[in-house]
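One structure is given here, and the rest of the page talks about it.
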Amino acid sequence: MSDKKVLKPSADHPITVAPNKARVVVTVGGKVVADSANALTLQEANYPPAQYIPRADVDFGVLERTEHSTYCPFKGDASYYSIRTGDGVAENAVWTYEAPHDAVAEIKDHVAFYPSKVDAIEER
């Protein structure tokens, strides 16, 4: 039995998930690590929007799963990956909700990248 609080989006804390009509490309160390025409944009309250990219559009050959995890009462348990390139390692630069709460179920099988830990997240 989990003691974790589960919250639902509301007028006070809205969350929307919508298809991004642009192509989303993520680069690290000059290498493309994700390239998708099927990204989802998650907008949560006043936070910057996050691009959730289908796992199939991500180069998992440069990702390494870490032990780091966090919990969001609106989205669920997040797992993390570091990115390894020729330039080094971006620690815990990628997160994913493998079993997200129902309110954001669309982000299952997607990953998101911290903008500060990659070279760029471009919408083309």
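Quick notes on this one:
- Output for the stretch 32-58, where each listed residue is hydroxyl-bearing (Ser, Thr, Tyr) and surrounded by 11 or more Cβ atoms within 10 Å (Cβ to Cβ): 36, 41, 52
- So residue 80, is it of a type in the set (Phe, Trp, Tyr), open to solvent by less than 60 Å² (accessible area, probe 1.4 Å), farther than 21 Å from residue 13 by Cα and out of contact with any Cys (no Cβ under 6 Å at 6 or more places or on another chain): yes
- Residue that is modelled with the lowest pLDDT, among those in the stretch 19-31 that are open to solvent by 70 Å² or more (accessible area, probe 1.4 Å) and assigned to a strand (DSSP E or B): 31
- Test result for residue 68, within 18 Å of residue 8 (Cα to Cα) and either surrounded by 12 or more Cβ atoms within 10 Å (Cβ to Cβ) or out of contact with any Cys (no Cβ under 8 Å at 6 or more places or on another chain) (or both): no
- Test: residue in the stretch 22-35 that is without any contact (Cβ under 8 Å) to a residue 60 or more places away in the chain and touching a Lys or Arg at 6+ places or on another chain (Cβ under 9 Å): yes
- Residue in the stretch 67-84 that is in a strand (DSSP E or B), polar (S, T, N, Q), touching a residue at least 24 places away in the same chain (Cβ under 8 Å) and under 23 Å from residue 124 (Cβ atoms) present: no
The values are calculated or read from the model by the stated rules, or taken from the named source; none is laboratory data. From a predicted model like this one, the values you see are computed outputs, not experimental measurements. Cβ sites come from the backbone with ideal geometry, for glycine too, and all protein chains shown count toward neighbours. Side chains included, ligands, DNA and RNA excluded: accessible areas come from the protein's heavy atoms. Shrake-Rupley method; radii C 1.70, N 1.55, O 1.52, S 1.80 Å.
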